[in-house]
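Okay, structure first, notes after.
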């Protein structure tokens, strides 16, 4: 038997109790969950995380759509100073339902567009919300007006890569 993962923000729903018309959920992470999420994401802090999820289930698929909102503190990629970031994003994801013993295809370039497989009758919408939150983060957070460390401590930019050679070659050599 496989051990169940211990997610930072878990809210499991029983898929057998959800119809094809679906059901709506509103989730919000408490301070303890926000702290664990910050550790997972490698950021100084997550101050808030909430979202709304609509989940609908058929025999063969799980359809999810929703929104995620959050506020966190990150390090600026330019100056390394802490900065605040606000997340407000929407998502729509389809999962294929598989029997617990059914093999799933490995991720590859050929099947990147295929829906993700889901095994079992329990679905963790809290974990889904955390994943969507992490995907919505700015990949290169930059604090407004930040001056890069390279600009502060680096050498002056050269106008040309060949500027360093200027004056090194004696142009007065006689041509033979």
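The values are calculated or read from the model by the stated rules, or taken from the named source; none is laboratory data. Please read all numbers here as calculations on a predicted model, not as lab measurements. Note: ideal-geometry Cβ built from the backbone for every residue, glycine included; neighbour counts use all protein chains shown.
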Next item on the list: Looking only at the stretch 1-48, count how many residues are under 26 Å from residue 80 (Cβ atoms) and either touching a strand residue (DSSP E or B) at 6+ places or on another chain (Cβ under 8 Å) or in contact (Cβ under 8 Å) with a residue 12 or more places away in the chain (or both).
Entry: 15
Note to self: Please pick out the residue among 51, 66, 70 that is closer than 14 Å to residue 126 by Cα, within 13 Å of the chain's Cα centre (by Cα) and in contact (Cβ under 8 Å) with a residue 12 or more places away in the chain.
What the structure shows: 70
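Conditions tested, residue by residue: (1) under 28 Å from residue 43 (Cβ atoms); (2) exposed (fewer than 12 other Cβ atoms within 10 Å of the Cβ); (3) at pLDDT below 75.
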| position | (1), (2), (3) |
| --- | --- |
| 68 | yes, no, no |
| 71 | yes, no, no |
| 102 | no, yes, yes |
| 108 | no, yes, yes |
| 121 | no, no, no |
| 126 | yes, no, no |
| 161 | no, yes, yes |
| 166 | no, yes, yes |
Margin query: I need the full set of residues from the stretch 10-43 which are surrounded by 13 or more Cβ atoms within 10 Å (Cβ to Cβ) and farther than 18 Å from residue 88 by Cα, in order please.
Written below: 10, 11, 12, 13, 15, 18, 22, 23, 33, 35, 36, 40
